[in-house]
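The values are calculated or read from the model by the stated rules, or taken from the named source; none is laboratory data. The shown structure was predicted, so the numbers you read here are calculated from the model rather than taken from an experiment. Cβ placement follows ideal geometry from the backbone for every residue including glycine, while neighbour counts extend to all protein chains displayed. Only protein heavy atoms, including side chains, enter the accessible area calculation; ligands, DNA and RNA are left aside. Shrake-Rupley method; radii C 1.70, N 1.55, O 1.52, S 1.80 Å.
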Amino acid sequence: MHALHTRSHSTRDIRRDNRSLVLTLLRRHTLMSRVELARQAGLTEAAISRITRELVDAGLIEEKPVFPDGRRGRPMVNLALAGNGLYALGVDIGANSQSLCLTNLTGETIIREDLDLLSFKTADAALKYCCKKALKMVQSAKVPPQRLVGVGVGIGIPGAADHLNRNLLQSPTLGWENLPVADIFEAALSVPARVEGRPRAILFAEHTSGVAQQKDNVLLIHLGLGIGVAVMIDGHVLRGSRNSAGQIGHLHVDPAGVECVCGQRGCLDTMASGYAIVSNLGMTVAHAPADTARIENVRLLKHAEKMAHAQDPATITIFRSAGQSLGKALTQLAPVFDPQLVILAGGLTQIPGYIEGVRDTLALPPHISWECSTMTLEHAAVCLALDTFVFGPRLDLARFA
Ligand SMILES: [Zn+2]
């Protein structure tokens, strides 16, 4: 009985898995013949014909005739994702910036917009405003409602989202907590939503369409006001019991260091993060309510970044010293996860001095390479939606018939 049950499920699962495989191959290679798809997917040409027919009928992929000998003779037929077959929304919400974008199936941006969500009195009002903006965006791009597939929401704090990828647990930087973010977006937009912390959102996006393609062991460090981490081992993102696995901000690196918000002295956050930079420049806000102080620190960090871009030597030295602290810590820490690649993401990587500082001290074994992410935050958010609702087994073709 049990075996039968498993078999009937697995046939449907296999069909879904094969469909995601075909879509993923077309995403990676842009243009492929059915023969090449069959070869790379390890499926028969008959199976590929059936799957691609279904996807062509649903408007998700299209045939592109190619004439090998100029315009003469029979064309070869290649397949490609249908750019305007589907659309997805990405929302990025952090204390330093908030933005919204609409892309098509190939991830091409149709519209993007910066938002100011922090001027709202409540989180609920801010998210409702964001939904209203998203609806307007979809309407102004004339996207047919059934062609909007989902919304991805990246939240600017590590471990902020719950295990279900639906709720925001706590975001001290935003001063928000226990918010049913996915419910709010789903009710307003009538499409499924997925919520994830920024570092993991960027890691997923780098893995499917960025520098970590075909790399299954990756450590990503997100450097903003605080330090966020996302870890992928053997293709699986580590989550942990409180969904905050891999967090290194409060790693004890200097017993004689300054006091951290957590009460310890010399945490990595007090030496290598944006908060450390603001504090070393003597600019931190004291004697203000916690939420106000955090928002104010974001503003101060932006000011420090401007000073570094204006080549202020003292400021650049402080950025460089923070980068050196990160480099030292990563030299110890990265090999623990045995990654192929370490990705540094977030605003600090763009500031003069910081990456030079990392380069001064980071010494990794030869099999571990590192680079800086160039993925935008709203693109990482939209990738969450595309990966989950289009390129994953949750794609519901019946919607597009
Ligand atoms: Zn700490």
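Among the residues of the stretch 293-319, which ones are of a type in the set (G, A, S) and open to solvent by less than 20 Å² (accessible area, probe 1.4 Å)?
If the condition is that a residue be of a type in the set (G, A, S) and open to solvent by less than 20 Å² (accessible area, probe 1.4 Å), then A293, A304, A308 are the ones that fit.
Looking at the structure I just gave you, is A182 in contact with a Pro (Cβ under 9 Å, 6 or more places away or on another chain), in the same structural domain as I93 (by TED's automatic domain parsing) and surrounded by fewer than 24 Cβ atoms within 10 Å (Cβ to Cβ)? Show your work before the answer.
Numbers: in contact with a Pro (Cβ under 9 Å, 6 or more places away or on another chain): yes; in the same structural domain as I93 (by TED's automatic domain parsing): yes; surrounded by fewer than 24 Cβ atoms within 10 Å (Cβ to Cβ): yes.
So A182 passes the test.
Can you go through V22, V56 and tell me which one is crowded, with 18+ Cβ neighbours inside 10 Å and at pLDDT 95 or above?
V22
Examine the stretch 114-126 for a residue that is in a strand (DSSP E or B) and in the same structural domain as R166 (by TED's automatic domain parsing), and state whether such a residue exists.
yes
Enumerate the pairs (first residue in the stretch 236-265 and touching a residue at least 24 places away in the same chain (Cβ under 8 Å); second residue anywhere and among the charged types (D, E, K, R) and near the ligand (Cβ under 10 Å from one of its atoms)) with beta-carbon separation below 9 Å, excluding pairs fewer than 6 apart on the same chain, so at least 6 apart or on different chains.
Cβ pairs passing all conditions: I248/D269; G249/D269; L251/D269.
Every residue, every condition in (1) among the aliphatic types (A, V, I, L, M); (2) surrounded by 15 or more Cβ atoms within 10 Å (Cβ to Cβ); (3) not in a strand (DSSP E or B), yes or no:
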site: I202; (1), (2), (3): yes, yes, yes
site: A212; (1), (2), (3): yes, yes, yes
site: H222; (1), (2), (3): no, yes, no
site: G240; (1), (2), (3): no, no, yes
site: N243; (1), (2), (3): no, yes, yes
site: V261; (1), (2), (3): yes, yes, yes
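Across the stretch 123-137, which residue is surrounded by the fewest Cβ atoms within 10 Å (Cβ to Cβ) among those that are farther than 25 Å from N297 by Cα and touching a helix residue (DSSP H, G or I) at 6+ places or on another chain (Cβ under 8 Å)?
The extreme case among them is K132.
Mind listing just one residue for me: the one in the stretch 245-256 that is over 28 Å from H303 (Cβ atoms) and open to solvent by less than 30 Å² (accessible area, probe 1.4 Å) and, of those, nearest to the ligand (Cβ to nearest atom)?
Among those residues, the one meeting the criterion is G246.
For the subset of the stretch 25-35 comprising residues that are farther than 20 Å from Q213 by Cα and either assigned to a loop (DSSP other than H, G, I, E, B) or not hydroxyl-bearing (S, T, Y) (or both), which member is least open to solvent (accessible area, probe 1.4 Å)? Quick ask: steps written out before the conclusion?
First, the residues of the stretch 25-35 that are farther than 20 Å from Q213 by Cα: 33-35.
When the remaining residues are screened for being either assigned to a loop (DSSP other than H, G, I, E, B) or not hydroxyl-bearing (S, T, Y) (or both), the result is 34-35.
Values: R34: 54, V35: 86 Å².
Here the answer is R34.
Can you pull out every residue in the stretch 139-156 that is open to solvent by 30 Å² or more (accessible area, probe 1.4 Å) and more than 22 Å from R399 (Cα to Cα)?
S140
Of these, M283, M271, M307, which one is farther than 30 Å from N178 by Cβ, within 12 Å of the ligand (Cβ to nearest atom), outside the structural domain of T173 (by TED's automatic domain parsing) and aliphatic (A, V, I, L, M)?
Values: M283 fails: within 12 Å of the ligand (Cβ to nearest atom); M307 fails: within 12 Å of the ligand (Cβ to nearest atom).
Exactly one of M283, M271, M307 is farther than 30 Å from N178 by Cβ, within 12 Å of the ligand (Cβ to nearest atom), outside the structural domain of T173 (by TED's automatic domain parsing) and aliphatic (A, V, I, L, M), namely M271.
Output yes when any residue across the stretch 320-328 is open to solvent by 10 Å² or more (accessible area, probe 1.4 Å) and within 30 Å of G235 (Cβ to Cβ), and no when none is.
Yes, the stretch 320-328 contains a residue that is open to solvent by 10 Å² or more (accessible area, probe 1.4 Å) and within 30 Å of G235 (Cβ to Cβ).
Six or more apart or on different chains, Cβ under 8 Å: which pairs go from a residue in the stretch 112-138 that's at pLDDT 95 or above to one that's among the basic types (K, R)? Could you list them?
The qualifying pairs are E113/K133; L115/K133.
Free of Cβ contacts under 8 Å to residues at least 12 places away in the same chain and not in a helix (DSSP H, G or I): is that true of N165 in this structure?
It is false that N165 is free of Cβ contacts under 8 Å to residues at least 12 places away in the same chain and not in a helix (DSSP H, G or I).
Residues P172, P192, P199: which one is touching a His at 6+ places or on another chain (Cβ under 6 Å) and touching a residue at least 60 places away in the same chain (Cβ under 8 Å)?
On the way: P172 fails: touching a His at 6+ places or on another chain (Cβ under 6 Å); P192 fails: touching a His at 6+ places or on another chain (Cβ under 6 Å).
Answer to the check: P199.
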